[in-house]
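Asker: The structure under discussion is supplied below as structure tokens; questions concerning it will follow.
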Amino acid sequence: EIVFVGMLSGEEKETALYSGDLLVQASDSESFGMSVAEAMGQGIPVLLTTRVGLADIVRDEQAGLVVTKTIEDIAGGIKKLLSDAHIRRKIGDNGRRAAEKYFFQET
């Protein structure tokens, strides 16, 4: 089941994020991608388009799939992730490590 939730915050956002199998951010322009970083920090696999600011980190750290913003690429990426639990686990683990490396450093 695919759910388009729109803007969420607080407990509603946490519930949606933690209950999903993956997070998809298909954006034309996103300077950073906070929801992507949050998902990565929780080991949730991510799929994002090339215009999301975290695309390079996600690609370099093998922490998700980065696709062009076409229906074919987005649908293909979703299908690939949903059909293979092993890939989802590996990407989720890589995402958690990348989030710790880039976003959650101790000061």
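Asker: In the range 77-87, how many residues are part of a helix (DSSP H, G or I) and either within 11 Å of Q42 (Cα to Cα) or open to solvent by 50 Å² or more (accessible area, probe 1.4 Å) (or both)?
Answerer: 4
Asker: Same structure, new question: Is it the case, given these coordinates, that F4 is touching a Gly at 6+ places or on another chain (Cβ under 7 Å) and surrounded by fewer than 19 Cβ atoms within 10 Å (Cβ to Cβ)?
Answerer: So F4 does not fit the description; no.
Asker: How many residues does the range 1-21 contain that are in contact with a strand residue (DSSP E or B) (Cβ under 8 Å, 6 or more places away or on another chain) and part of a loop (DSSP other than H, G, I, E, B)?
Answerer: 0
Asker: Given (1) hydrophobic (A, V, I, L, M, F, W, C); (2) assigned to a loop (DSSP other than H, G, I, E, B); (3) open to solvent by 50 Å² or more (accessible area, probe 1.4 Å), identify the lone condition not met by V24.
Answerer: Against the list (1) hydrophobic (A, V, I, L, M, F, W, C); (2) assigned to a loop (DSSP other than H, G, I, E, B); (3) open to solvent by 50 Å² or more (accessible area, probe 1.4 Å), V24 comes up short only on (2).
Asker: Looking at (1) closer than 21 Å to E1 by Cα; (2) more than 11 Å from the chain's Cα centre (by Cα); (3) part of a loop (DSSP other than H, G, I, E, B), which one does F32 not meet, given that it meets all the others?
Answerer: (1)
Asker: Check A63, A98, A39 and return the single one that is under 23 Å from S19 (Cβ atoms), buried (at least 21 other Cβ atoms within 10 Å of the Cβ) and at pLDDT below 95.
Answerer: Checking each option against the conditions leaves just A39.
Residue by residue, here is whether (1) in contact (Cβ under 8 Å) with a residue 40 or more places away in the chain; (2) under 13 Å from the mean Cα position of the chain (by Cα) holds:
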| residue | (1), (2) |
| --- | --- |
| V46 | yes, yes |
| T50 | no, yes |
| D56 | no, yes |
| R59 | no, yes |
| G64 | no, yes |
| T70 | no, no |
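Asker: For the list (1) out of contact with any strand residue (DSSP E or B) (no Cβ under 7 Å at 6 or more places or on another chain); (2) open to solvent by less than 90 Å² (accessible area, probe 1.4 Å); (3) outside any loop (DSSP other than H, G, I, E, B), I need the number of the one condition that I74 fails.
Answerer: Against the list (1) out of contact with any strand residue (DSSP E or B) (no Cβ under 7 Å at 6 or more places or on another chain); (2) open to solvent by less than 90 Å² (accessible area, probe 1.4 Å); (3) outside any loop (DSSP other than H, G, I, E, B), I74 comes up short only on (1).
Asker: With respect to the numbered conditions (1) over 19 Å from G6 (Cα atoms); (2) assigned to a helix (DSSP H, G or I), which one is the sole condition not fulfilled by A39?
Answerer: The single condition A39 does not satisfy is (1).
Asker: So, of the residues in the range 7-21 that are small (G, A, S) and loosely packed, with under 13 Cβ neighbours inside 10 Å, which turns out to be nearest to D84 (Cα to Cα)?
Answerer: S19
Asker: I've got another one for you. Anything in the range 42-60 that is open to solvent by less than 30 Å² (accessible area, probe 1.4 Å) and farther than 20 Å from K80 by Cβ? List them, or say none.
Answerer: Hits for the range 42-60: nothing passes.
The values are calculated or read from the model by the stated rules, or taken from the named source; none is laboratory data. Since the model is a prediction, treat every value here as computed from it, not as a measurement. Cβ coordinates were reconstructed from backbone atoms using ideal geometry, including for glycine residues, and neighbour counts include every protein chain displayed. The accessibility values were calculated without ligands, DNA or RNA, using every heavy atom of the protein model including side chains. Shrake-Rupley method; radii C 1.70, N 1.55, O 1.52, S 1.80 Å.
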